[in-house]
Amino acid sequence: MNNHKKAVGYILLSALAFSFMQVFVKLSGPDIPLFEKIFMRNLLIFFGMLFIIKKRGKKIEVPKKSRLPLLLRCMAGYMGVSCYFYATQRMLLGDANAIHQSSPIFVVLFSALIIKEELTKDKLLAVILGFVGVLFIVKPSFNSSAFPAFVGLCGSLGSALAYVFINSLRGDVEGEVIILAFAGFSSLVSLPFLIGDFVMPQGWTLVFLLGIGLFGGLGQYFVTSGYSLARAGEISVYGYTGIIFSAIIGILLFNERPDILSFLGMGIIILSGYLLFKVNLNKKTKVLEE
């Protein structure tokens, strides 16, 4: 199996893992503070990844030229996760995930700006179409009920930046080290927010927090592995499958019924992802023919 196919498989698995993580975020409810959930998630990921690195006998090394991109990956990723958790707690599961999974739209733009990937007219059209789909879900009304949707959109921007920086680190920093750095950074940044606001988890709440950590860790591992194997613009579109996963889970577990505009928005976002896929496929075929 070549690297591109492996990367696609990893992105699909990450979308599924993050959808289940989202379920546990919602199940944990509003009683556990937002930053405590983020802290617990990343603390579990940090120690889990540290164990894997030590067991495999790998060294934790980051070349000097990669330190700034790695820091920016951590900062952007933290923004993405924080906004994602906030939106998940306050929106329908399918809507929150659809907005978050619009990140491939922004990956294309940031890839052009940061790592100089080509931005063609076809890609730009797909990006615009995908953003229209996001607007159908957000339904901008500039009132308090729309705020979680806008926060979710900021999370999508953060995640897109993080994915591009992961891609820029490809070949220079091990995927496990990228995850370790992100988890450690997120835990440290979240720690001050816990002072005076920590709630001791008990019973099922503790199970839900462990679920957030487990599936969040799996999602991080798969998404980092995927973006470390292939170009961001070629594989990011497969993250759209998370929209389908979350919509189905939301209906089955929470009896959530997205309205017709949300379903239309989801469809438009998926269509834009398909168009991006076709553009990348045609480009790859053209290169091979030449």
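Readers should treat all values here as calculations from the given coordinates under stated rules, not as data from a laboratory. Remember, predicted model here, so these are calculated numbers, not experimental data. Reconstructed Cβ throughout: ideal geometry from the backbone, glycine too, with neighbour counts over all protein chains shown.
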Two-site label geometry, R90 and L253: point separation in nm, points 7 Å out along Cα→Cβ: 2.1
Projected label distance in nm at I128 and K59, using a 7 Å step from Cα toward the beta-carbon: 5.1
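Where in the chain are the DSSP H helices whose alpha-carbon span along the long axis reaches 27 Å or more and whose Kyte-Doolittle mean is at least -1.0? Could you put the intermediate results ahead of the total?
Values: long enough: 3-27 (36 Å, 0.91); 34-55 (32 Å, 1.25); 67-90 (35 Å, 0.41); 147-168 (32 Å, 1.39); 175-194 (29 Å, 1.81); 204-229 (37 Å, 1.22); 260-289 (43 Å, 0.99).
Correct list, ordered by number: 3-27, 34-55, 67-90, 147-168, 175-194, 204-229, 260-289.
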Among P201, M79, A183 the positive-end extreme of the charge dipole of the chain (Cβ point charges): A183
Charge dipole of the chain about the Cα centre (unit charges at C-beta), most positive-ward option of A98, L169, S28: L169
Fewest-first ranking of T224, T241, using other Cβ atoms within 10 Å as the exposure measure: T241, T224
